1. Hey, can you grab everything whose amide H is under 5 Å from the amide H of residue 255? Only 5+ residues off in sequence or another chain; H modelled, so Pro and N-termini drop out.
2. Could you work out [θ]222 nm for the chain from helices alone, using -39500 (n - 2.57) per DSSP H run of at least four and dividing by all its residues? Round to the nearest 500 deg cm²/dmol.
3. Using a Förster distance of 51 angstrom, determine the FRET efficiency expected from the C-beta separation of residue 63 and residue 199, and round it to 0.05.
4. Quote the relative contact order of the chain in percent (integer), defining contacts as alpha-carbon pairs under 8 Å separated by 6+ residues.
5. For residue 44 and residue 241, calculate 0.36 nm times their separation in residues minus their Cα-Cα distance, and state this gained length in nm to one decimal.
6. Report the full-extension gain for the segment residue 160 to residue 126: residue separation times 0.36 nm, less the Cα-Cα distance, to one decimal in nm.
7. Testing the spin-label approximation: label points 7 Å from Cα along Cα→Cβ at residue 29 and residue 52. State their distance in nm.
8. If you stretched the chain out fully between residue 282 and residue 265, how much longer would it get, using 0.36 nm times the residue separation minus the C-alpha to C-alpha distance?
Amino acid sequence: MISLTFLLKLRGMRRISSACYSGYHFELNEHQKQIQEMARKFAREEVLPKAAYHDKTGEFPWDLVKRAWGLGLMNKGVPPEYGGPGLGIFEACLVAEEIAYGCSGIETAIEANGLGQTPVIIAGNEQQKKKYLGRLIEEPLLCAYGVTEPGTGSDVAAIKTKAVKKGDEYIINGQKMWITNGGVANWYFVLARTDMDPKASTNKAFTGFIVDAKTPGLNAGRKEWNMGQRASDTRGITFEDVVVPKENVLLGEGAGFKIAMGAFDRTRPPVRRNCNQFEKQCLSP
């Protein structure tokens, strides 16, 4: 099977995005059809035959993740200058919808890289992008988005994880929960409160960090047993005096909330497409 990256290079395309095509119509262009067909073939021939096994055992589908990476079906939003295909949200939805037909849990494991890396794409500096996006392009590695907490759910403004600055470093303490790819990630985007004033506005109270998974004090909890999503690795993450250099702050102190919301804006549509294809499969005779 020809990889997506090869198809893009073959046509001399540096970026494929729905924004590149003017006018209003509902027909996919040829490039989008090729992307869709590649994802559909992967889902039917490789994901679907293994879906029941992974959902029953909960074993993480590393073989399929590596295969998706090799085909160029992961890291779709990484810009070409950092080695990625630079696809738009619409194309990401096409891929998510097709893979989800094979298994929504496996698709979640693959698509979660998009969520984890988006804060770096939209707010990272040149050095951060080269280092952390580059890892994902060079090897089939995963990242995770660490925002949700046990007592706050998706209420981002209520998170309690704290980061205290000491010299050129930040010390993070707190707990995240229901983190997709939590136990298999190479690095995390972590949102923490840096302004301890309870009256501080959300636009100034939180800061986004890139945290390497092997940092001392960072511990992943037990795997959650998610109905219909057992192939996805979902866990709680505990931070106990985790030291992060100031070089890993995204955009600047206090910019975390805007970064987190910007990431949600870009990554929620593919999540919905995952659900659409799952619903389609359920209704199929």
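The values are calculated or read from the model by the stated rules, or taken from the named source; none is laboratory data. Keep in mind that this is a model prediction, so the values were computed, not measured. Cβ sites come from the backbone with ideal geometry, for glycine too, and all protein chains shown count toward neighbours. Please note that ligands, DNA and RNA were not included when accessible areas were found on the heavy atoms of the full protein model with its side chains. Shrake-Rupley method; radii C 1.70, N 1.55, O 1.52, S 1.80 Å.
1. 208
2. -12000 deg cm²/dmol
3. Once the sixth-power term is evaluated, E becomes 0.50.
4. 21
5. So the extension gain works out to 66.4 nm.
6. Stretched fully, the residue 160-residue 126 segment lengthens by 9.3 nm.
7. 4.2
8. Gain in length upon complete extension: 3.4 nm.
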